[in-house]
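What follows is a set of notes on a single structure, which appears directly below.
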Amino acid sequence: MSAYQSFIGLEIHIQLLTKTKIFCGCRSAFGDEPNTNVCPVCMGYPGVLPALNKEAIAKAYLVARALDCSLAAAAVFERKNYFYPDLPKNYQISQFASPVGRNGRIALELSGKVKRVRIHDVHLEEDAGKMIHAGDVSLLDYNRTGTPLLEIVTEPDLELGEEAEQFLQHFRRLVRYLGVCDGNMEEGSMRCDANVSVNLAGKGLGSKVEIKNLNSSRFVKKALTYEIARHTELLEAGGKVLQETRLWNENRDLTEGMRSKEQADDYRYFPEPDLPPFTADPSFLAEVEGALVELPAARRARMARDYSLSDAQLDFITEEKERADFYERTVALGADPLTTASWLGSDVKKLLNREGLELAKSPLTPERLAELLVLLGENRIHGKIAKQALEVLFAEDKDPAQIIREQGWERIDDAGDVAGFVDAAITANPQAAAAIRGGDPKAIGFLVGQVMKTSSGRADPQLVHQLLRERLQSRVTEDSDANASD
């Protein structure tokens, strides 16, 4: 057992999915031509007045509610005075004294046990722009300036880099389920700063180091693992950890010093004079409550009870709300739960990846998948035909029943029709027929294969087996009777 204990707190920033920015009517979108989504308000021109985006404040309260926070009766906005090269007015409208939520908690399973991570606060603010560094020139894109940004600050309840990674992945699922953020860390719509300290076990927090602008959960894990090892090595050698801000160098797999931070920054917060406090009245809070959905952990637990899926299937199905909704709709339409999970995780997933499609934008619907799997479950088609029908569905955007009818793929289960294929196989393969009469069980598998081949896989395999045994047993008897009369 290590003599040292580590403490990790996260500051997670998510851009809220709103059509417009937080304090003006400019379009809020990623990837547009630089400096096209700007106006005098988000560019900080003198004399302009901000106006709060109701959709942004509603989504902020929704996240705070989902994190079990105490919701603010009145959310106050303040000016955070700090020089941002990419925030033209040189202060940020943020929250400090009265954020939308405080004292929340989130429980998740880490390393085989449930861990409760406390949420210090959830506060809403405007995002800064984006700086693009090209050699000795820095370019500024102000499109992102004024995008509604929600910051979630945890208490230092995590201990390992792996725990921080899992927490971030869990949080990403949560905000995607809520529909408030797409969680694309590579595009910057979800970002993370990590605070870490190491001290002798039982001695409380040590000197804090902040690691800034981590853009993947994997880098969060690697940076924290590196820092914990660095702190421990320093302390064991009798050294002192400098309180500072560091950056993760992904090319060298280490952190590098950015700036010292001996004292807490004084941002000189004061109330934003142009924005009155937002009052969360009963009707607004009722709207927030109505927007809540079943969250990922609760849904996974319920689906484990309802459908008896494996852990791997549950992880895959509940990873995205869209996929979980699709699955449950398909099952509600009559498809077998285990078969549905298996098809979504294999054949459907393979086709979506091949075509570069999202499930919601593909030709496959819950109604179509349920129809296909019901046909399969009722033995009207077999597995190979079902897979072929799925391929055609993606290619031609048709219902499974129509595809099977047009292709002539429905299973042949009429004894008279199957008998024709069986007799033809026996006639064409006398050696195999003789081997079966001689008691060779392997030969019957060969003849079954021949029947399935000539019937294009449509003949009922059980009926084929039955008729082969009847035909060959009958011929054995006929041959014996003929020999006796000779």
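The values are calculated or read from the model by the stated rules, or taken from the named source; none is laboratory data. Everything numeric here is computed off the predicted structure, so don't read it as measured data. All Cβ positions, even for glycine, are placed from backbone atoms using ideal geometry, and neighbour counts span all protein chains on display.
Would you confirm whether any residue within the range 197-219 is in a helix (DSSP H, G or I) and not hydroxyl-bearing (Ser, Thr, Tyr)? Yes, some residue in the range 197-219 is in a helix (DSSP H, G or I) and not hydroxyl-bearing (Ser, Thr, Tyr). With respect to being more than 30 Å from residue 81 (Cβ to Cβ) and either outside the structural domain of residue 186 (by TED's automatic domain parsing) or in contact (Cβ under 8 Å) with a residue 24 or more places away in the chain (or both), residue 242 falls outside the description. Screening residue 75 against (1) under 27 Å from residue 288 (Cα atoms); (2) out of contact with any Phe, Trp or Tyr (no Cβ under 6 Å at 6 or more places or on another chain) leaves a single unmet condition, (2).
Here is a yes/no grid of residues against (1) closer than 30 Å to residue 204 by Cα; (2) surrounded by fewer than 22 Cβ atoms within 10 Å (Cβ to Cβ); (3) not small (Gly, Ala, Ser):
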{"position": "68", "(1), (2), (3)": "yes, yes, yes"}
{"position": "74", "(1), (2), (3)": "no, yes, no"}
{"position": "85", "(1), (2), (3)": "no, yes, yes"}
{"position": "99", "(1), (2), (3)": "yes, no, yes"}
{"position": "112", "(1), (2), (3)": "yes, yes, no"}
{"position": "149", "(1), (2), (3)": "no, no, yes"}
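Within the range 151-173, the presence of a residue that is within 22 Å of the chain's Cα centre (by Cα), surrounded by 23 or more Cβ atoms within 10 Å (Cβ to Cβ) and over 18 Å from residue 116 (Cα atoms) is excluded. Just checking, which of 352, 338 is of a type in the set (A, V, I, L, M), in the same structural domain as residue 391 (by TED's automatic domain parsing) and under 17 Å from the mean Cα position of the chain (by Cα)? From the options 352, 338, the qualifying one is 352. Annotation: of all residues in the range 181-211 being among the basic types (Lys, Arg) and closer than 24 Å to residue 4 by Cα, the one that is surrounded by the most Cβ atoms within 10 Å (Cβ to Cβ) is 208.
Can you report the number of residues in the range 60-99 which are in a loop (DSSP other than H, G, I, E, B), out of contact with any His (no Cβ under 6 Å at 6 or more places or on another chain) and without any contact (Cβ under 8 Å) to a residue 60 or more places away in the chain? Going through the range 60-99 one residue at a time, the tally reaches 10.
Please tell me if residue 237 is within 34 Å of the chain's Cα centre (by Cα) and at pLDDT 90 or above. Answer is no for this residue. Among the criteria (1) at pLDDT 90 or above; (2) over 30 Å from residue 319 (Cβ atoms); (3) not in a helix (DSSP H, G or I), the one residue 401 does not fulfil is (3). Among residues of the range 113-137 that are free of Cβ contacts under 8 Å to residues at least 12 places away in the same chain, those with a beta-carbon under 8 Å from a residue that is in a strand (DSSP E or B) at least six positions away or on a different chain give the pairs 114/107; 114/108; 132/138; 132/139; 132/140; 132/141; 133/139. For beta carbons closer than 7 Å, sequence separation of 6+ or different chains, a first residue in the range 419-443 that is surrounded by 13 or more Cβ atoms within 10 Å (Cβ to Cβ) and a second that is outside any helix (DSSP H, G or I) and among the small types (Gly, Ala, Ser), the qualifying pairs are 421/455; 421/459. The condition of being in contact with a helix residue (DSSP H, G or I) (Cβ under 6 Å, 6 or more places away or on another chain), not in a helix (DSSP H, G or I) and not basic (Lys, Arg) holds for residue 335. If the condition is being out of contact with any strand residue (DSSP E or B) (no Cβ under 7 Å at 6 or more places or on another chain) and either at pLDDT 95 or above or of a type in the set (A, V, I, L, M, F, W, C) (or both), then the range 1-18 contributes 1, 17.
Among all residues of the range 323-336, there is at least one that is surrounded by fewer than 18 Cβ atoms within 10 Å (Cβ to Cβ), touching a Gly at 6+ places or on another chain (Cβ under 7 Å) and on the phi < 0 side of the Ramachandran plot.
Per-residue answers, yes or no, for (1) assigned to a loop (DSSP other than H, G, I, E, B); (2) in contact with a Leu (Cβ under 8 Å, 6 or more places away or on another chain); (3) among the aromatic types (Phe, Trp, Tyr); (4) in contact (Cβ under 8 Å) with a residue 40 or more places away in the chain:
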residue: 248; (1), (2), (3), (4): no, yes, yes, no
residue: 252; (1), (2), (3), (4): yes, no, no, no
residue: 259; (1), (2), (3), (4): no, no, no, no
residue: 267; (1), (2), (3), (4): yes, no, yes, yes
residue: 276; (1), (2), (3), (4): yes, no, no, no
residue: 283; (1), (2), (3), (4): no, no, no, no
residue: 288; (1), (2), (3), (4): no, yes, no, yes
residue: 306; (1), (2), (3), (4): no, no, no, no
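Scanning the range 1-35 for residues being assigned to a loop (DSSP other than H, G, I, E, B), more than 23 Å from the chain's Cα centre (by Cα) and over 30 Å from residue 234 (Cβ atoms) gives a total of 10. Scan the range 228-239 for residues that are surrounded by 12 or more Cβ atoms within 10 Å (Cβ to Cβ) and either free of Cβ contacts under 8 Å to residues at least 12 places away in the same chain or out of contact with any Phe, Trp or Tyr (no Cβ under 9 Å at 6 or more places or on another chain) (or both) and the total you get is 3. When each of 346, 283 is tested for being small (Gly, Ala, Ser), modelled with pLDDT of 95 or more and either under 15 Å from the mean Cα position of the chain (by Cα) or outside the structural domain of residue 395 (by TED's automatic domain parsing) (or both), the lone residue that passes is 283. Does at least one position in the range 216-233 carry a residue that is among the acidic types (Asp, Glu) and under 29 Å from residue 158 (Cα atoms)? Yes: the range 216-233 contains one or more residues that are among the acidic types (Asp, Glu) and under 29 Å from residue 158 (Cα atoms). Residues satisfying the criterion are absent from the range 141-152 (criterion: hydroxyl-bearing (Ser, Thr, Tyr), free of Cβ contacts under 8 Å to residues at least 60 places away in the same chain and not in a strand (DSSP E or B)).
Selection of the range 442-465 for residues being assigned to a helix (DSSP H, G or I) and among the polar types (S, T, N, Q) yields 450, 454, 462.
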